[in-house]
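Beneath this line is the structure, given in structure tokens, with notes to follow.
Readers should treat all values here as calculations from the given coordinates under stated rules, not as data from a laboratory. All values derive from a computational prediction rather than experimental measurement. Cβ placement follows ideal geometry from the backbone for every residue including glycine, while neighbour counts extend to all protein chains displayed.
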Amino acid sequence: MSASKSIIPPSSTALERASDLLHNGELVAFPTETVYGLGADATHDKAVAKIFEAKGRPSFNPLIIHVPDMETAKQYVIFEERAEILGRVFWPGALTMVLPRRKDCPISKLASAGLETLAIRVPANPLARQLLQVCRLPLAAPSANPSGQISPTQASHVATGLGHRVSMILDGGTCTIGVESTVVGFDEENVVLLRSGGITKEQLEAHFPNVQEANEESEISSPGMLLSHYAPSCPVRLNATDKHENEAFLGFGREYDKISTINLSISGDLSEATANLFSAFHLLDEQGAKQIAVAPIPNIGLGVAINDRLKRAAAPRP
């Protein structure tokens with residue numbers, strides 16, 4: 001199927017087809033008021049891994065989760081009073097909030113880069129809202145373009161950039177805002193601006209006068225802010241070819257399967273390893289691992305992103 005044939009005008013049939021694709025773990029691009037998003041079922045590890053693979057994303061930055069309303073958002077994250085106020089004022093709209101994940105949150109750990117927070121928003125675009133209501137899934141959806149390239153504001157931009165990597169592109173016309181959403185987090189005292197976007201700092205300050213801009217010392221984790229972006233509670237040993245005493249072993253491929261506590265992919269599939277990486281770390285943490293050894297991961301394709309995250313996990317701790 002050519003890229004142009006994957007562009008589908010909106011209709012009830014198109015929405016049902018898009019929903020079916022998403023439930024089957026496929027990628028569907030859809031318009032928001034900011035830019036077109038590359039959507040996947042946020043609860044499906046392998047579907048989320050496809051996003052990173054399709055974009056050629058160099059590292060596993062947290063992805064923004066799109067939901068139809070605040071009530072749905074509260075199923076996944078914990079709101080405090082300031083978040084409630086901003087949600088009432090700016091949702092639906094171009095504001096993303098970084099909030100604590102609920103303990104029973106079903107969103108893939110890969111979608112939040114292994115962090116205990118989740119970036120979430122309610123889009124205002126009518127077609128995006130219809131899709132969310134029809135599919136009844138939380139959708140992870142970064143901008144639908146190859147990593148590092150210009151964000152798409154028309155369906156044709158998505159087709160040009162991603163081609164056959166996306167199963168369907170819902171054509172909602174030109175995005176009305178055309179830049180990504182504003183991202184905010186919260187510390188003990190302030191609303192913290194993590195990324196500028198469709199909602200201005202001045203608009204935020206109309207409700208919270210002392211909006212702070214994030215810096216490298218910020219305690220709020222957001223894409224690209226921290227070296228040790230997610231790390232288990234114990235030391236991590238990289239490129240290990242053997243298992244030491246009292247050490248958990250994170251394997252990759254059949255060569256290391258016999259000594260693996262968990263194997264990211266017995267078949268050596270980098271996409272499968274990507275999908276399993278953060279859940280494996282969390283499981284080993286929960287099991288009380290004292291140290292984790294990780295088998296060598298090929299530094300190609302998604303392996304580049306896996307190795308980037310592993311280096312951050314093994315980085316010296318403060």
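Highest-first packing order for the peptide set 9-18, 81-90, 64-73 is 64-73, 81-90, 9-18, based on the mean count of other beta carbon atoms within 10 Å. The Cβ shell under 14 Å around Val122 holds other residues with a net charge of 0, Lys and Arg each +1, Asp and Glu each -1.
Computed over segment 236-313, the convex hull of the alpha-carbon atoms projects to a mean area of 4.4 nm².
For the peptides 111-118, 129-136, residues were scored by their other Cβ atoms within 10 Å and the scores averaged per peptide; the highest-first order is 111-118, 129-136. Here segment 36-67 is scanned for amide nitrogen atoms under 20 Å from the site 7 Å beyond the Cα of Ala315 along Cα-to-Cβ, giving 57-64.
Separation of segment 46-88 and segment 156-190 by C-alpha centroid, Å? One Cα centre to the other: 13 Å.
Think of segment 4-213 as having a plus end and a minus end, set by charges on the Cβ of Lys, Arg, Asp and Glu; of Thr174, Ile51, Ala113, Ile51 sits farthest toward the positive end of this dipole. Computed about the Cα centre, the dipole magnitude for segment 236-313 is approximately 180 debye when only Lys and Arg (+1) and Asp and Glu (-1) carry charge, each at its Cβ. Using a simple spin-label model with pseudo-atoms 7 Å out from Cα toward Cβ, Val89 and Asp104 lie 3.3 nm apart. When Lys and Arg each count +1 and Asp and Glu each count -1, what net charge do the other residues less than 9 Å away from Pro92, Cβ to Cβ, add up to? Taking every other residue near Pro92 into account, the sum is 0. Here the simple spin-label model places points 7 Å from the Cα toward Cβ, and for Ser147 and Asn246 these points are separated by 3.7 nm. Summing charges over neighbours of Phe278, with a neighbour being any other residue whose Cβ is under 9 Å away from its Cβ, gives +1 when K and R count +1 and D and E count -1.
With contacts taken as Cα pairs under 8 Å and at least 6 residues apart, segment 128-171 reaches a relative contact order of 26 percent. Only Lys, Arg, Asp and Glu carry charge here, each on its Cβ (+1 for the first two, -1 for the last two); on that basis the chain has a dipole of about 700 debye about its Cα centre.
Placing unit charges on each Cβ (+1 for Lys and Arg, -1 for Asp and Glu) gives segment 236-313 a dipole about its Cα centre, and among Ser267, Phe252, Gly303 the Cα reaching farthest toward its positive end belongs to Gly303.
Mind running the shape call on the chain? Use the C-alpha gyration tensor, a ≥ b ≥ c as the square roots of the eigenvalues: rounded below 1.5 for a/c, prolate if a/b tops b/c, oblate otherwise. Cα axes put the chain in the oblate bin. Considering only Pro100, Gln75, Gly87, the residue lying farthest towards the positive end of the dipole of segment 1-137 is Pro100, judged by Cα position with unit charges set on Cβ.
Couplings for segment 166-177, taken from phi via the Karplus curve 6.51 cos²θ - 1.76 cosθ + 1.60 with θ = phi - 60°, read 10, 6, 7, 10, 7, 8, x, x, 7, 5, 6, 8 Hz in order; Gly and Pro are left as x. Close amide-amide hydrogen proximity is noted between Phe186 and Val192, each under 5 Å apart and 5 or more residues distant or on a separate chain (H modeled in the peptide plane; Pro and chain starts excluded).
Counting only whole DSSP H helices of the chain, the ones at least 15 Å long by C-alpha along their axis and with mean Kyte-Doolittle hydropathy no lower than -1.0 are 12-23, 45-55, 270-286, 302-313. For the chain, what does the relative contact order come out to in percent, with C-alpha contacts under 8 Å and a separation of six or more? In percent, rounded to a whole number, it is 22. The alpha carbon gyration tensor of segment 12-151 gives principal lengths a ≥ b ≥ c with a/c below 1.5, which makes the shape rounded.
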